[in-house]
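Single-structure report; data block below.
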Amino acid sequence: MQPKDGVASPPEGRDQPYGTGVQAAALAGFLAASFLVAALGGFSTVSNVDGWYATADKAPWSPPNWLFGPVWTVLYAAMAVAAWLVWRKRTSRTGPALAAYAVQLGLNLAWTPVFFGLYPVLGTAALWLALAVILALVAAVTVTVLYFGPISRTAGLLLLPYVAWLVFACTLNWWAAVYN
């Protein structure tokens with residue numbers, strides 16, 4: 001198709017940007033996926049944070065319980081925006097990057113029920129298993145950062161606070177496993 005000025009339109013396909021509606025829907029989808037993981041994890045937390053965890057031996061550097069919700073809310077939102085930024089680029093590396101993102105999201109979903117939910121059943125073994133899950137999660141998020149960064153520097157940078165928080169959470173998980 002030739003526009004009035006005689007310059008041809010770009011062909012339909014990979015290089016064509018997504019429309020505003022599609023981009024908004026995709027962002028909403030990434031946010032929904034992140035907050036679904038948060039909500040599902042919350043089921044295990046709510047029933048146990050005032051149960052066994054209230055009397056558990058916690059690391060001296062453990063923040064107050066009220067801080068975890070706001071921190072995770074910001075991190076889940078940043079994760080979703082990062083994934084959306086990568087999705088928008090539509091490069092040959094986007095698929096593998098989003099697959100890495102899905103793996104880390106699955107590991108994120110697994111940690112809370114293992115740590116909080118399995119402790120009443122398995123005791124300390126659940127805390128060690130949760131430590132293995134969160135260490136795998138740190139590795140998966142690090143890989144995701146390495147995939148995201150070349151596609152969108154902003155997306156890679158958005159995940160760095162998540163990595164830092166997970167490393168911090170590893171220390172809390174380790175303390176709980178050793179001392180409970």
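The values are calculated or read from the model by the stated rules, or taken from the named source; none is laboratory data. It should be emphasised that the depicted structure is a prediction, and the values quoted were computed from it without experimental measurement. Reconstructed Cβ throughout: ideal geometry from the backbone, glycine too, with neighbour counts over all protein chains shown. Accessible surface areas use protein heavy atoms only, side chains included; no ligands, DNA or RNA. Shrake-Rupley method; radii C 1.70, N 1.55, O 1.52, S 1.80 Å.
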Fill in the blank from the handout: Dividing the mean separation of Cα pairs under 8 Å (6+ apart) by the residue count of the chain yields a relative contact order in percent of 27
Problem - Computed [θ] at 222 nm, deg cm²/dmol, the chain (DSSP H ≥ 4; -39,500 (n - 2.57); rounded to nearest 500) - result: -26000 deg cm²/dmol
Exercise for the section: Note the listed values (1) 118; (2) 127; (3) 137, then indicate which one is volume of the Cα convex hull per residue in Å³ calculated from this particular structure. Expected result: (1)
Fill in the blank from the handout: Of every hundred units of 1.4 Å-probe accessible area on the chain, the number belonging to carbon and sulfur atoms, as a percent, is 71
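Give me the dipole magnitude in Debye, nearest 20, for the chain about the Cα centre, with unit charges on the beta carbon: positive for Lys and Arg, negative for Asp and Glu.
In total the dipole reaches around 420 debye.
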Problem - Integer Hz, Karplus 6.51/-1.76/1.60 couplings in order for the stretch 126-143, x for Gly and Pro - result: 5, 5, 5, 5, 4, 4, 4, 5, 6, 5, 5, 5, 4, 5, 5, 5, 4, 4
Fill in the blank from the handout: Check: C-alpha center the stretch 70-113 vs C-alpha center the stretch 120-173, spacing in Å is 12
Problem - For the stretch 17-62: accessible area per residue (Å², 1.4 Å) - result: 57
Fill in the blank from the handout: Within the stretch 54-150, DSSP-loop chymotrypsin sites (Phe, Trp or Tyr not before Pro) with at most 12 other C-beta atoms within 10 Å are Trp61
Fill in the blank from the handout: Under the rule rounded for a/c under 1.5, else prolate if a/b exceeds b/c, else oblate, using alpha carbon gyration tensor axes a ≥ b ≥ c, the stretch 64-108 is classed as oblate
Practice task
Can you tell me the relative contact order of the stretch 76-180? Whole percent, Cα pairs under 8 Å, sequence separation 6 or more.
Solution key: 35
Exercise for the section: Could you do me a favour and compute the accessible area per residue for the stretch 96-180, 1.4 Å probe, result in Å²? Expected result: 43
